Amino acid sequence: MNHRHGIVKKLSAPFYHLLLILVLLTPALTAYAAKLPDLGSSDLIAYNVEVEQDLGRAFNTALHTQYNLNYDPDVVTYIRKIGHEMASQTGESRQFKFYVIDDLSINAFAGPNGIIGIHTGLILAAKNEDELAAVIAHEIAHVTQNHLSRGHEVNSKQSNLNTIATLLAAALIGMYDSSAVYPTLLAGLSLDIEKQLKNSRLHESEADHIGIQFLSQSGYDPHAMGDFFARLAKKEQNNTFKTPEILRSHPVTERRIAESENRAQTLPARHPKQANNQFALIQLKLKTQGAQQSPPLLTQKNTPAIACYQKNLQALNTHNPLPLSDLTCLQTLVEQNPNHWLYTTLLLRTLVKHQINDPKIISTARHQADYLLDIYPNNTAVLLSYVNLLRHSNNTPKAIALLKTHTKSQRYRYLAYKKLSEIYANQQQTAEAHFFLALAQFNIGNIKRTQYLLKQAKITADRFLKQQIVRFEQENSKSLKTKKINNH
């Protein structure tokens, strides 16, 4: 795909040419045009790793500061579990990052340095976890095959990278419908269109081919990729819903579906996954958050477990007393499914929301949370839900200690650091609040904001905290110094 890409947004020309289109389209951005780097190399050259990492950091900052990300710990933890499981099949050391965009369009994308975004609309449109995994696998394949960087050279100047990252995020998330404006501006771009279209098709085919392999290796149904695209294409033909972003920018052809099916026939799922209802529960969460405005293409089968989960989930959004039967069925689900973390996180939130102070129930919930953090150390949802229960139980010191201990093992630290900052702010400990908010901003690549918050923290920091700040600045001096100069 052309880098609205993924199974998704494939524009007619490579993404960096799309960025030039965006500059031409938006008067407010034309001032940046002279600063954009030369993107003209036609050779298959991957840009410098350090430049790619810098561009990835700038892109990450743009996502977190300019767009609506879904920060629901359950939702993002679930998507990341799928993503990293398949990324582990790539054999690469690249640090993939997976984010959820709070947007009802059916879309997904792969950005620079392994950053992959999945729209909530796509999660709702998928029929099952295999189809959702297929989209993620396709995006991972775009990254492993260097489709974003092949054929282009990027100037490493940070001011240029920030501009590119901002425009790239706008294109990938769908702020601009490039398919509508591309023909009008094509003549002025002096592109070798035939070659670019050929590369686009080749990249898309390659991402399908490699993505299906990742699906199979991870235990998912390799037929899911072709099934998903075929179903979307059929729905579009019947005009039963608005054309998905995926199909707008890169129509699904019969040939592509046939090639996906042929590839799947040669790769049966290895170690097929045991059936679980996590996908159905995540769809319920999204509908509860308001995404019901865009109904899923298939209604999940309702089981007693799902019905119990749904009742307790809906109760979180009301001020009515929780029926004892609802809490009892949720406790039973937790006891009977100790490894099913979505049941436990809902129980933890329910205890806090409804001010349930029963020592026995709280003790059981804490024991279960400790167990889950031992077996799933990267599970942000369990960690944050547990912390909220500890605060509800008037055990803030324990909550802080738990966060500081487990944040070290978290692959994603942004939400954990923000929670620490929030707790310290509530305790009027301003220096600590500023320090951990600085760490949160550093985690998403926002260096300018990091520097400002560190400066604020130093004003009232005690001796111990100042030592922590100095240690952090020394350990990250290269990044902080470089970005300080270039973000002026």
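The values are calculated or read from the model by the stated rules, or taken from the named source; none is laboratory data. Fair warning: this is a prediction, and the values are worked out from it, not measured in the lab. Positions of Cβ are generated from backbone atoms using ideal geometry, with glycine treated the same way; all protein chains shown enter the neighbour counts.
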Here are the criteria: (1) under 23 Å from T405 (Cβ atoms); (2) at pLDDT below 95. Tell me which single one L327 does not satisfy. (1)
Filter pass, I375 being among the aliphatic types (A, V, I, L, M) and exposed (fewer than 15 other Cβ atoms within 10 Å of the Cβ): yes
Do the conditions hold for H138, that is, is it assigned by TED's automatic domain parsing to the domain that holds K97 and at pLDDT below 90? no
Residue under question is R449, and the condition is that it be in a helix (DSSP H, G or I) and within 22 Å of the chain's Cα centre (by Cα); does it hold? yes
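Residues checked against (1) within 16 Å of W341 (Cα to Cα); (2) without any contact (Cβ under 8 Å) to a residue 40 or more places away in the chain; (3) not β-branched (V, I, T):
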site: H367; (1), (2), (3): yes, yes, yes
site: D370; (1), (2), (3): yes, yes, yes
site: L373; (1), (2), (3): yes, yes, yes
site: T380; (1), (2), (3): yes, no, no
site: A399; (1), (2), (3): no, yes, yes
site: T405; (1), (2), (3): no, yes, no
site: R411; (1), (2), (3): no, no, yes
site: L415; (1), (2), (3): no, no, yes
Picked from segment 38-65 (must be of a type in the set (S, T, N, Q) and modelled with pLDDT under 90), the residue nearest to A381 (Cα to Cα) is Q53
Considering residues of segment 405-419 that are part of a helix (DSSP H, G or I) and in contact with a helix residue (DSSP H, G or I) (Cβ under 7 Å, 6 or more places away or on another chain) only, the residue farthest from Q95 (Cα to Cα): K419
Residue check for K287: under 18 Å from V135 (Cα atoms), at pLDDT 75 or above and not assigned by TED's automatic domain parsing to the domain that holds D103: no
Name the helices (runs of 4 or more DSSP H) wholly inside segment 319-396 in which the number of residues that are among the aliphatic types (A, V, I, L, M) and touching a Phe, Trp or Tyr at 6+ places or on another chain (Cβ under 9 Å) is 3 or more. 324-336, 341-353, 359-375
Identify, please: which residue in segment 213-228 is in contact (Cβ under 8 Å) with a residue 40 or more places away in the chain, surrounded by fewer than 24 Cβ atoms within 10 Å (Cβ to Cβ) and more than 21 Å from the chain's Cα centre (by Cα) and is, among those, farthest from H84 (Cα to Cα)? D227
Only listed residue being over 16 Å from Q278 (Cβ atoms) and surrounded by fewer than 18 Cβ atoms within 10 Å (Cβ to Cβ), chosen from L348, L322, L316: L316
Out of everything in segment 381-404 that is small (G, A, S) and touching a helix residue (DSSP H, G or I) at 6+ places or on another chain (Cβ under 8 Å), what residue ends up being farthest from R94 (Cα to Cα)? S393
Restricting attention to segment 442-479, report how many residues are surrounded by 17 or more Cβ atoms within 10 Å (Cβ to Cβ) and under 17 Å from L403 (Cβ atoms). 4
Among residues of segment 79-129 being part of a helix (DSSP H, G or I) and of a type in the set (V, I, T), the residue nearest to the chain's Cα centre (by Cα) is I79
